[in-house]
Every structure is written in structure tokens, then in C-alpha cells.
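For reference, the structure is listed below as C-alpha cells.
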Amino acid sequence: MRDHDRMDSRFLGIPELVDVPTVAVVVDVMRAFTVAAWAFGQGAERIVLAESLDEALALKARHPEWVTLKDGPPAPGFDTVNSPGFLRSADLGGRTVVQKTTAGTVGALAVKEASLVLCAGFVVAEATARLLRTRACDSVTFVVTGEDGQADEDLACAQYIARRATGAGPDATEFLRRAGESRAAAELTEGVREGAHPDDVALCLELDRFPFAMVATLEDSLMVLRACAVPSLTDEAPA
Ligand SMILES: O=C(O)[C@H](CS(=O)(=O)O)OP(=O)(O)O
Ligand SMILES: [Mg+2]
């Protein structure tokens, strides 16, 4: 039986990903994977993580009913922006979303050959940790997507999930405080980052807003993210 306390965690920025991890948790709190979680919360069936803006536009041209979003300001060919505040009023029931951002989607695509790829932020922290526990993951690479691995909102979330995945029950307050004081939070609050809603930072700091984890897999050469229900702890085998 695996000892949950022994999970080996490493925390790497995207440029540091030189080998293919077995299990990767790609963290982007502000804002890609908070946005992705909200898309599922609003009914989206799947999210295609696009390699480039051109690929997102080409997918839209082939599938006009798909919903495209990118970070930065609104742009032709894109239906919306990378903002949980704006996305929470969208009806995405059964829709396919195409997402392209500066950090989050790039980080997920950088580990697309891994056996298990989870995408995460605070809004799905507990479900993500629980999935790592139920899959008995002994060694996990956390991809800290922002600022070449230095983004403290992503590192804090990654460290929190890593602790939770070992069965420890750390108080989230300090991790959320770090995220709230991060450069990304300040830039979103001050309007430096475009395509932002005034509620974005608060929405990115909602702990366990959603009950699902998010798993990315290659489907017909596209990296596709799907919400994944995770059994409750009472369904886990005893350690
Ligand atoms: O939309 C975001 O918050 C960022 C882009 S930027 O840093 O604001 O330019 O993208 P993400 O990949 O979600 O970190
Ligand atoms: Mg980010």
C-alpha cells in the first residue's frame, strides 16, 4: 500500500521542463485554469488547449460553434477573454471551448506526453489533491506556469495542493495570502492586464469553488481538457 506521506514533489517553471514527467499538475491561478474551471462550471463539455492564436482561429473557422477565448483584450475571431468574471455569465452548456493563453495553456502543452496531466488553480485544489491520492501518485511534477516558475500565486497553489495530496491538512490562509499579494493579482487589480473583470482576483482566490479536477489528454492530436469527478475520501482504500 502506498504511503501518501511520501509523495515526491518538484516545482518547475516551463523553461525547466527538460524531461517528460509521469504525472504533471500544471498550475495557473491567474487566470487560465480558474477560467477553465468556470467554463466547466458553466456547462462546457471540453476545452481544447490551442498551441497558438493561429491554431485557435483555424479551429474556429472549421467549427464556428466552438467558443474561442484568449488572454489580453477582445480580438477578432475570439468570442471572449480569459476572465472568470466575464465567463461566469456565459451559457456554455455542451459547448467546446478553445483556450489560448500566455502561460497556462503553454504549460499544459509542454507536458502533453506525460501519462497524467492535471490543470489546476485554487478553485479545484482539493479535487486535484484527491485525484493524486486516489491514483496513488508517488512522484508529481508541478508546473508553475507564471513568470518562468517564479509566479507566487502559482507556486503557493502548487505547494498547497502538494501538501493536501499527502494527506496533510494545511490551513489555506497563508497560501491564499501569498497569491493575493502576487504580482499577477496586483496587475489585474491595477488594470495592467487587459481583458480583466473587477472580480477576477477574488474569483481566482476562491478555494475549492468546484468539486471536479481537470484532466488533459491528447485526443486526435489536440490537447483536450475535461472535468473529472473525483471519488470522495471515504471511497479511498485505507492507507
Ligand atoms: O490572462 C492572464 O491572466 C495571463 C496573461 S497576462 O499575464 O495577463 O498577459 O495568462 P495566463 O496564461 O492565464 O496566466
Ligand atoms: Mg497566470
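Just so you know, all these numbers are worked out from the coordinates, no wet-lab data involved. Bear in mind the structure is a predicted one, so any value in this text is a computation, not a measurement. Don't worry about glycine lacking a Cβ; one is built from the backbone with ideal geometry, like all the others, and counts go over all protein chains shown.
Side notes on the structure shown:
- Nearest 10 degrees, 0 to 90: helix 53-62 Cα axis against the chain principal axis: 70
- Cα-based radius of gyration of the chain once divided by 2.2 N^0.38 Å, which approximates compact folds: 0.94
- Stretching the chain fully between THR102 and ARG6 yields a gain of 31.2 nm (0.36 nm per residue, less the alpha carbon separation).
- Computed magnitude of the charge dipole of the range 150-239 (debye, nearest 20; Cβ of K, R +1, Cβ of D, E -1): 220
- Rounded Å value of the spacing that divides the Cα centres of the range 68-128 and the range 174-223: 10
- Table column - 3J(HN,Hα) (Hz), the range 11-23, Karplus curve with 6.51, -1.76, 1.60, x for Gly and Pro: 10, 10, x, 4, x, 8, 7, 9, 10, 8, x, 6, 10
- A straight Cα-to-Cα reach below 17 Å connects LYS112 with the aspartates and glutamates GLU16, ASP19, ASP28, GLU51, GLU55, GLU219, ASP220, residues fewer than 8 places away in its own chain not being considered.
- Shown here are the Rg and Dmax of the Cα trace of the range 88-128, at 12.6, 34 Å.
- Contact order normalised by residue count of the chain, Cα under 8 Å, 6+ apart, percent: 32
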